[in-house]
Amino acid sequence: MADNLVTKIFKDHMEGGTYEPGEEVSLRIDQTLLQDATGTMASLQFERMGVDRVQVPLAVQYVDHNIIQLDHKNPDDHIFLQAFASKYGVYFSKPGNGICHYLHVERFAKPGATLIGADSHTTTSGALGSIAIGAGGLDVALVMAGRPFDIAVPKVVGVELTGKLQDWVTPKDVILELLRRRGVRGGAGYVFEFHGSGVENLDVTARITICNMIAELGATTGIFPSDERTRQWLEEQQRPDDFTELGADEGAEYDEHEQIDLSELEPLIAKPHSPGNVVPVSEVAGTKASQACLGSSVNSGFEDLAVAAAVLRNESVSEGLVMTVTPGSRQILDSIAQTGVYSDLVGAGARMLEPACGPCVGMGQAPPSDAVSVRTFNRNFPGRSGTQTDQVYLTSPTTAAATALKGVITDPRELGDYPDLPESPANPAVDDRQILAPAPEDEAGGIEIPRGPNIKPPPEAPELDDNLDLTVTIVVEDDISTGDLAPDGVEVMSFRSNVPEIAKFTFRRFDPEYHEKAQEMAPGAIVGGENYGQGSSREHAALAPLHLGIRAVIAKSFARIHRRNLVSQGILPLSFNDPEDYDRCEEGQELELPEIRKHLENGDTEIPAKLGGEEITLLAEYSQRERGILLSGGVLRQIRKGNEADAPASKTEPASTGQDQGAGS
């Protein structure tokens, strides 16, 4: 049988299960990725597993999100993470070295490898032919502890690319076109595999852009074949031995098909407040902008920045607008410095930022109230920028540069001929001195891990009760993001290591007093619409509600990673059997789940419930593995129960002492 590339890599890494769409399989994982906003919780949970050293071939901890260092909290996290990494066998990328996703493609991603990362944009490494999947921190910790990654076999969308991009049209427009067609829910349960004659016309940095934002479709991941472009990239990165040619078999089949003629694309833009709200730039041209931001984990490569510099060379950023530029890594920073790109941007008045996530996650450079900000980033959820009344548009570097020059959203084709760009240095400065290797295993035992006062242990759910009597604490709309549950921004993200504090910001966009109400109503439930929990992989979006007493979330549908995080933390994700029951839900209603434990033990998928005294049916569509986790009260509690069951009986005192004999506790 002719296999597509996704099937090949999955089958090569399977350790259990049946390879059929929807069936769970266990995958052997080659690499893991943590970043500082998710890393501390993942590390604390790893410590609870009692493992002396990571059990995966490569584990990397990046520091790129929380680096403002407003006070002690962020730097305390960093020294905790550095010591943890050294002790347990994890590579550590220091603050300012670059953004995890771009760096991982530069230094570690490999064709045919599997990568699990505690960040939804881990999908970026699909640019090098990896199966790269975002997950919660606990899932990554489990993989680091030597467990396989259990996942439902996804369907595969074959995206055939033909032709070549026209001047001023960019790889960002490719992924925006997919979002225009499918929206933010159109990739759920799918991997997008790119193939066709047009693939060879996209270099690795172009593929980085597309695979990074495939996450916005709700997709499991995206992947490109490993070809001559891949080989060139790995040679430039001084990693030629990591190259393996990989692609789909001739005549490979796909579950669904998309076809994009690159030569027919035009500049596109996503309007507020969704990456799926895509229209041609020409449709919104002339809209006054107060800010233009270039870079982040997407569109922070050399050509992305070089084209903006060329547009602005000997010009100036519009006087009514502020422009920021974020290179993806120190390597890119070195390249733009060598070629004059940096000086052209500085001369035009751009604010040059360090290689870090920065404004993409609301860490500074927030736009003014009610102002339009045109960004080459990947998300424009409400308030993500740090300004609650923001109006963020997502677009390409060429459109952002044209907007910075003109002061209004501008179709870059209006600028005339495409400029000549300097060539990226043939051999960029490959310098891994800021990536620290872990201590040798025989020295690791003596390492003490410092824990600042803001670092608190994660909460755990209780074992599932026979019956649950809950109160509906809030009813929210469709497409609620994890940023609504655990917001971005300097103030809130400094509490990523402190769940009790970050929980105070849960649903603040809807109700600033929610955290107090939820605790008063506990045990509670949340009611949501379609695609509940879209966006980031942050498990704080499950941990914070857990701390507030939430035991169940009932929604029309769930985003993949957040649903998984709820299960891992022992919170029941339930769906409406009749979507119209959503309209009957109100804050303060009683929600009864009688004999819920028995229903899960029996494998029932339809669960009788009472909402405000009226009978409804909820769906509990779980795998056997998930049922076991929920019955135990979360993964960590399940692991402890398993360890206790496997442990040998304690030695007892001789009978002559008069003490009772039996197994120790």
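Within the range 85-96, residues that are among the charged types (D, E, K, R) have Cβ atoms under 9 Å from residues that are assigned to a helix (DSSP H, G or I) in these pairs: LYS87/ALA444; LYS94/HIS78; LYS94/GLN82, counting only partners at least 6 apart in sequence or on another chain. Among the residues of the range 547-560, the ones that are farther than 19 Å from SER43 by Cα and not in a loop (DSSP other than H, G, I, E, B) come to 8 in all. Just so you know, in the range 518-542 the residues that are over 16 Å from ALA486 (Cβ atoms) and touching a residue at least 60 places away in the same chain (Cβ under 8 Å) include one that is surrounded by the most Cβ atoms within 10 Å (Cβ to Cβ), and it is ALA525. Where strands (runs of 3 or more DSSP E) fall entirely within the range 276-372, those with at least 2 residues that are hydroxyl-bearing (Ser, Thr, Tyr) are at 322-326.
For ASP64, indicate whether it is buried (at least 20 other Cβ atoms within 10 Å of the Cβ), acidic (Asp, Glu) and assigned to a helix (DSSP H, G or I). No.
Rundown of residues vs (1) within 20 Å of ARG637 (Cα to Cα); (2) charged (D, E, K, R); (3) over 23 Å from the mean Cα position of the chain (by Cα); (4) at pLDDT below 95, yes/no style:
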residue: ALA2; (1), (2), (3), (4): no, no, yes, yes
residue: ASP12; (1), (2), (3), (4): no, yes, yes, no
residue: GLY22; (1), (2), (3), (4): no, no, no, yes
residue: ASP30; (1), (2), (3), (4): no, yes, no, no
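Residues in the range 561-581 that are free of Cβ contacts under 8 Å to residues at least 40 places away in the same chain and in a loop (DSSP other than H, G, I, E, B): ASP578 alone. For the range 215-249, a residue qualifies if it is in a loop (DSSP other than H, G, I, E, B) and either buried (at least 18 other Cβ atoms within 10 Å of the Cβ) or polar (S, T, N, Q) (or both), and the qualifying residues are GLY218, ALA219, THR220, PHE224, PRO225, GLN237, GLN238, PHE243, THR244, GLY247, ALA248. For the range 156-193, filtering for residues that are acidic (Asp, Glu) and closer than 12 Å to ILE210 by Cα leaves 3. Regarding VAL90, is this residue buried (at least 24 other Cβ atoms within 10 Å of the Cβ), of a type in the set (A, V, I, L, M), in contact with a Phe, Trp or Tyr (Cβ under 8 Å, 6 or more places away or on another chain) and at negative phi? Spelling it out, VAL90 is indeed buried (at least 24 other Cβ atoms within 10 Å of the Cβ), of a type in the set (A, V, I, L, M), in contact with a Phe, Trp or Tyr (Cβ under 8 Å, 6 or more places away or on another chain) and at negative phi. Would you be able to say whether some residue in the range 38-51 is basic (Lys, Arg), buried (at least 16 other Cβ atoms within 10 Å of the Cβ) and over 23 Å from the mean Cα position of the chain (by Cα)? Scanning the range 38-51 turns up at least one residue that is basic (Lys, Arg), buried (at least 16 other Cβ atoms within 10 Å of the Cβ) and over 23 Å from the mean Cα position of the chain (by Cα).
Close contacts from the range 398-419, counting a first residue that is under 20 Å from PHE302 (Cα atoms) and assigned to a strand (DSSP E or B) and a second that is modelled with pLDDT of 95 or more and basic (Lys, Arg), with Cβ to Cβ under 8 Å and a gap of 6+ residues or different chains, come to none at all.
Does the range 477-491 hold any residues that are outside any strand (DSSP E or B) and surrounded by 20 or more Cβ atoms within 10 Å (Cβ to Cβ), and which are they? If the condition is that a residue be outside any strand (DSSP E or B) and surrounded by 20 or more Cβ atoms within 10 Å (Cβ to Cβ), then ASP479, ILE480, THR482, GLY483, ASP484, LEU485, ALA486, PRO487, ASP488, GLY489 are the ones that fit.
Within the range 499-517, the residues that satisfy the criterion of being crowded, with 19+ Cβ neighbours inside 10 Å and more than 14 Å from GLN388 (Cα to Cα) are VAL499, ILE502, ALA503, THR506, TYR514, HIS515.
Each row is one residue, and each column tells you yes or no for (1) among the aromatic types (Phe, Trp, Tyr); (2) over 19 Å from ALA37 (Cβ atoms).
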residue	(1), (2)
ILE526	no, yes
GLN534	no, no
GLU539	no, no
ALA542	no, no
LEU548	no, yes
ARG560	no, yes
GLY570	no, yes
LEU574	no, yes
TYR582	yes, yes
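None of ALA59, ALA85 is part of a helix (DSSP H, G or I), assigned by TED's automatic domain parsing to the domain that holds GLY247 and touching a strand residue (DSSP E or B) at 6+ places or on another chain (Cβ under 7 Å) except ALA85.
The values are calculated or read from the model by the stated rules, or taken from the named source; none is laboratory data. Model, not experiment: these values are computed from the prediction. Here the Cβ is made from the backbone with ideal geometry for all residues, glycine too, and neighbour counts use every protein chain on show.
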